[in-house]
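What follows is a single structure, written as structure tokens, with notes after it.
Values quoted throughout were computed directly from the atomic coordinates according to the rules given, and no laboratory measurement underlies them. The structure presented is a predicted model; accordingly, all values stated were derived computationally and were not measured. All Cβ positions, even for glycine, are placed from backbone atoms using ideal geometry, and neighbour counts span all protein chains on display.
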Amino acid sequence: MPGYFARLTPRYRRSWALVAAYLAFLVLISLIDFGGNTAGQTLFRGLMLSMLIFLVASGLSLIFGLLDVLNFAQGAFVLVGAYIGYATYQSVELSSTYSFLAAVGAAVVSVGLLGAVIETGLIRPLYARPVFQIVLTFGLGAILLDLVQRIYGPQPKQPLAPPELFRGTFYLFGQSLSIYRLFIIGLGLVIMVAVGLLLNRTRLGIIIRAGVQDAEMVQALGINVRRVFTFVFVLGAVLAGLAGIVLVPYQGATLDLGNQFLILAIVVVVIGGMGSYEGTAVASFIVGLTRAVAEQMSLKHFDAPVLAETSILFLMIVVLLVQPSGLFGREES
Amino acid sequence: MTGPAAAPNHGAGAPPLLDVEQIHTFIGEFHILQGVSVQVPRGSITVLLGRNGAGKTTTLRSIMGLNPPRAGQIRFAGQSIHRLRPHQIAQRGIGYVPEKRIIFRDLTVGQNLQIAERQKGDLARKADLIFGLFPDLHRLYDLPGGHLSGGQQQMLAIARALVPDNALLLIDEPSEGLAPVLIEQMMDAIRRLSAHTTVLLVEQNFQVASRLAEHYVIIEEGATVRAGRMADLVSDKQLIKTYLGVA
């Protein structure tokens, strides 16, 4: 780690210092305003939200970085993953753990296939036309939302019981908390490390990182970059679909799930820096924790979660004013 | 032999390694190349000359398939390549060193070299050649590409093209932005690497080009106007002045 920091540019070092200072500020203000236990519960909830946002935002960031496509259908992948996962979890007659695993498999595979079809069939012909891609993915998001509504109905789906393996509670910060929440945090951290290792330790990852910087040069080195594009798009879709199914035992499935997470993911990608994986990871923590603290604060002082959404948008504006390319994004030369 | 573009033939007998024949390339609605022909004899250094905006860089990009020509033929080692995609062209054995070098800034020097491997072990096999030509890269192996100086980035860009077994290197403006001492080093490196591979060079600096290359092609307003042996061009001051504006 000391080697890592020694190699950073002064701007990146400043970004890390800002992040550390801001997270310390969040912890401090939570302790002062809510007291020890509530602060702990709030930050724990924020940590879980951070992991869910990360699953959606990491795909969005990688897709944007490599393909230059701002994928507005990313939220719809969460939605499709949640509803397909929900239906599978409910209908498979196995033990709850196996049913949940089947639901995860169904959600991930179907959203992955959907991503592959969309990238190869619809987005690939439009690589030279970025504006059309925005319109296309925006439209796809709307179509998928409509399809989900037609197939599964407009009524929200209530949370299903977590699989047996993650049932039960544990005692923390003066409150009993579901083990399933701990599973979400653990899963998010595992995926964060796994994708990080993929990007940093494998040849495919090196190609992806190089492609984020200059996909044309990667082609000129003899690498079929279109295959890499498809892989990254599918990976992004799969992670979003995973976020969808993982949400089912926690908050059920609702039609606004996609848009809710799309907005959070876009804020994360902008704050972290477009196309920066480490930026996305760090910004997921910032946004998840900020939202949880702001929600708790507004519930305490205004009896309504009025600050939850505005706080993260305000945060995004501040970051863009201080560092227009985001915390870890590349500055335009 | 110095001759008009219509019949650029550098030598009798052996067919050229690269034969670009009357290509027309568009960028958007702009008709950039309007009949460029280039023949690159095997085992030589050939230089593309011409004023700024003449179409030299676009010619290299067309050969690589990055701006594919709409008309004309490109044959490499006797096979047509102008309908292939860039990665397929590269896999045929053409290495590309672009004008802006395009080093992957977040990757280390080592990763910048490893990514160019087409077969596992390419870099290990070429290590002696690469680090013999550019010893600095060995020292800088674990440093991110973004931390290198302009000269070091140029070395890395050329070294990257040497990792796989490329029969032809396309090198665009290797001396651009380099200090005179670094230009000398770069020239020396290109001269030495030409013992291993054929080189097609774009070079704005005529002094550099004339000392390096054995053959030349002059492009003006998107079309080949002259081609021949460099020794003949150097002795023809009028031709140099007419097409290159160099006294």
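Evaluate the following for B:HIS147: is it out of contact with any helix residue (DSSP H, G or I) (no Cβ under 7 Å at 6 or more places or on another chain) and within 13 Å of chain A (Cβ to nearest Cβ)? Full working, then the answer.
Values: out of contact with any helix residue (DSSP H, G or I) (no Cβ under 7 Å at 6 or more places or on another chain): yes; within 13 Å of chain A (Cβ to nearest Cβ): yes.
Yes; evaluated as a whole, the condition is true for this residue.
Residue-wise test of (1) under 17 Å from the mean Cα position of the chain (by Cα); (2) surrounded by 24 or more Cβ atoms within 10 Å (Cβ to Cβ); (3) not in a helix (DSSP H, G or I).
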| site | (1), (2), (3) |
| --- | --- |
| A:TYR22 | no, no, no |
| A:VAL27 | no, no, no |
| A:ALA39 | no, no, no |
| A:PHE54 | yes, yes, no |
| A:ALA57 | yes, yes, no |
| A:PHE64 | yes, no, no |
| A:LEU70 | yes, no, yes |
| A:VAL78 | yes, yes, no |
| A:TYR86 | no, yes, no |
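Pairing residues of region A:191-219 that are more than 7 Å from every other protein chain (Cβ to nearest Cβ) with residues that are surrounded by 15 or more Cβ atoms within 10 Å (Cβ to Cβ) and not in a helix (DSSP H, G or I), at Cβ distances under 7 Å and at least 6 apart in sequence or on separate chains, gives A:VAL212/A:GLY275. A search for C-beta distances below 7 Å between a residue of region A:221-248 that is within 14 Å of chain B (Cβ to nearest Cβ) and any residue that is in a loop (DSSP other than H, G, I, E, B), counting only pairs 6+ apart in sequence or on different chains, returns A:LEU221/B:ILE115; A:LEU221/B:ALA116; A:GLY222/B:ARG118; A:GLY222/B:PRO164.
Suppose we filter A:GLY258, A:GLY279 for residues that are out of contact with any His (no Cβ under 8 Å at 6 or more places or on another chain), surrounded by 20 or more Cβ atoms within 10 Å (Cβ to Cβ) and closer than 11 Å to A:SER61 by Cβ; which single one remains?
On the way: A:GLY258 fails: closer than 11 Å to A:SER61 by Cβ.
Criteria check complete, one pass: A:GLY279.
Among the conditions (1) in a helix (DSSP H, G or I); (2) of a type outside the set (Asp, Glu); (3) within 30 Å of A:VAL92 (Cα to Cα), A:ILE208 misses just one, which is (3). The single condition among (1) closer than 23 Å to A:ASN224 by Cβ; (2) at the interface with another protein chain (Cβ under 10 Å from one of its Cβ atoms); (3) surrounded by fewer than 21 Cβ atoms within 10 Å (Cβ to Cβ) that B:ARG83 does not meet is (2). For region B:217-247, taking the residues that are charged (D, E, K, R) and part of a helix (DSSP H, G or I), the one that is surrounded by the most Cβ atoms within 10 Å (Cβ to Cβ) is identified as B:ASP232.
When region B:127-154 is filtered for residues that are within 14 Å of B:ARG105 (Cα to Cα) and either touching a residue at least 12 places away in the same chain (Cβ under 8 Å) or buried (at least 22 other Cβ atoms within 10 Å of the Cβ) (or both), the ones remaining, listed by number, are B:LEU140, B:TYR141, B:ASP142, B:LEU143, B:PRO144, B:GLY145, B:GLY146, B:LEU148, B:GLY150, B:GLN152, B:GLN153, B:GLN154. The one condition from (1) in contact with a strand residue (DSSP E or B) (Cβ under 6 Å, 6 or more places away or on another chain); (2) buried (at least 16 other Cβ atoms within 10 Å of the Cβ) that B:PHE206 does not meet is (1). Test B:PRO174 against the criterion of being more than 12 Å from every other protein chain (Cβ to nearest Cβ), closer than 19 Å to B:LEU60 by Cβ, in contact with a strand residue (DSSP E or B) (Cβ under 8 Å, 6 or more places away or on another chain) and not in a helix (DSSP H, G or I), and give yes or no. Against the criterion (more than 12 Å from every other protein chain (Cβ to nearest Cβ), closer than 19 Å to B:LEU60 by Cβ, in contact with a strand residue (DSSP E or B) (Cβ under 8 Å, 6 or more places away or on another chain) and not in a helix (DSSP H, G or I)), B:PRO174 qualifies.
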